[in-house]
1. Mind pulling the angle between the C-alpha long axis of helix 2-29 and the longest principal axis of the chain? Nearest 10 degrees, somewhere in 0 to 90.
2. Rounded to the nearest 20 debye, what is the charge dipole size of the chain about its Cα centre when +1 sits on each Lys and Arg Cβ and -1 on each Asp and Glu Cβ?
3. Subtracting the Cα-Cα distance from 0.36 nm times the residue separation, let me have the gained length for C46 to L265 in nm, one decimal.
4. With everything on Cα atoms, drop me the angle between helix 63-72 and the longest principal axis of the chain, reported from 0 to 90° to the nearest 10.
5. So, in Å, what gap is there between the alpha-carbon centers of segment 365-411 and segment 45-115?
6. Checking the cross-link filter: which lysines have an alpha carbon closer than 26 Å to that of K306, excluding same-chain neighbours under 8 positions apart?
7. Accessible area per residue for the chain in Å², computed with a 1.4 Å probe and the full protein assembly in place, what is it?
8. Compute the distance in nm between two label points, each set 7 Å from the Cα along the Cα-to-Cβ direction, one at W85 and one at L289.
Amino acid sequence: RPSGAMDWKVLTRELSLYLESQVRVGLFGSGVGLSLVLGFGVAYACYYLNSIAKKPQLVASNDRFCRFLEEYCPVVTETYYPTIWCWEGRVQTLLRPFITSRPQVQYRNELIKTADGGQISLDWFDNNDSLYYPDASTRPTVLLLPGLTGTSKESYILHMIHQSETLGYRCVVFNNRGIAGEDLLTPRTYCAANTEDLEAVIHHVHSLHPSAPFMAAGVSMGGMLLLNYLGKTGRDTPLMAAAIFSAGWNVFESVESLEKPLNWLLFNYYLTTCLQSSISRHRQMLEKLFDMDLVMKARTVREFDKQFTSVMFGYRSIDDYYEDASPCRKLKSVGIPVLCLNSVDDVFSPGHAIPVETAKQNANVALVLTSCGGHIGFLEGIWPRKCTYMDRVFKQFVQAMFEHGNKILSM
């Protein structure tokens with residue numbers, strides 16, 4: 001009946017209000033709610049401590065190198081506690097640029113000429129106020145290589161310079177051609193496989209300070225480029241050691257991972273637009289050799305490399321380029337101490353593609369593999385504004401090599 005239907009609606013509403021009031025009283029009046037919150041907190045803490053916070057895996061065939069790292073770079077053997085509310089790899093990767101601070105750094109810019117008529121922009125942090133190394137001729141120097149479209153303004157580069165400043169070291173940032181505001185003088189940019197520009201920069205920096213201890217650190221593609229250089233030169237380099245962070249070891253595996261639907265949406269498309277933006281300013285120069293309309297239509301990194309990068313550097317196919325660009329193929333030839341930090345949940349460099357067995361065949365190589373951290377993430381602390389786990393690894397390793405490196409350089 002109509003009146004019966006109306007009575008049922010009223011009764012239902014009143015019962016709903018009564019239950020809602022009882023739940024509110026029961027949860028927060030009797031302490032049940034507090035118990036639920038505490039129970040969830042304890043359960044999450046147990047999960048975090050048992051499954052998330054772990055010691056990194058240290059892979060090194062040389063016992064002497066291992067003992068050196070344990071003594072002078074102990075961070076690689078300590079438990080890494082990723083930020084408790086954003087430990088997942090994609091989240092760490094996305095948030096790091098927005099969360100981490102940007103230390104103030106005053107650079108001195110230098111443009112150097114290349115053999116083909118081009119120019120490279122170097123940003124120097126001279127650290128002339130260094131208390132530990134007041135003599136500029138012997139002040140330790142760290143060459144920093146940013147990622148694919150990165151420059152000296154990246155937050156992770158600024159933090160590395162800040163860490164180096166406290167230790168008294170000098171830094172110089174190698175900006176790839178055409179991305180740091182300078183003009184392209186020739187229709188050529190850069191890639192992970194071609195080491196000519198890096199060789200020129202290393203020779204130039206060493207010639208300016210031949211008596212200064214000299215190291216390099218590369219991040220993401222900068223790390224790939226540095227590894228490819230070291231694999232090519234072996235021991236024939238003025239660098240005494242190198243640190244590599246979040247390198248893509250196998251480019252085929254990297255692009256396949258980045259082309260998965262969610263990863264394409266979160267990273268691949270954006271990275272492709274960044275690559276296109278980095279060359280659009282030089283369109284008039286590049287149009288001499290490339291169909292720029294076709295290049296600007298690329299929607300993945302693979303498409304961009306197929307239409308632009310592989311063609312620029314004379315590869316017959318994109319597969320030839322990716323094979324040459326993959327550092328895993330040159331790791332056996334590295335002839336100086338190298339420490340490589342990767343997270344196994346890095347979608348840019350998937351864990352299964354990290355060359356663990358190959359690293360074990362070279363006494364100069366040590367891998368540090370964390371279970372979390374993403375790509376250049378490695379956030380830690382409740383509010384990770386400042387120092388990351390990656391920053392601490394960088395600081396301890398460069399200090400260990402500059403101040404105690406003689407203990408392993410003879411190995």
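The values are calculated or read from the model by the stated rules, or taken from the named source; none is laboratory data. These numbers come from a predicted model, not from an experiment. Cβ coordinates were reconstructed from backbone atoms using ideal geometry, including for glycine residues, and neighbour counts include every protein chain displayed. Note: areas computed on protein heavy atoms with side chains; ligands, DNA, RNA excluded. Shrake-Rupley method; radii C 1.70, N 1.55, O 1.52, S 1.80 Å.
1. So the helix axis and the longest Cα principal axis differ by about 60 degrees.
2. 600 debye
3. In short, 75.6 nm is gained.
4. For 63-72 against the chain, the angle is about 70 degrees.
5. The two parts, judged by their Cα centres, are 5 Å apart.
6. K232, K260, K288, K297, K330
7. Accessible area per residue, the chain: 46 Å².
8. Placing both labels 7 Å along Cα→Cβ, they lie 4.9 nm apart.
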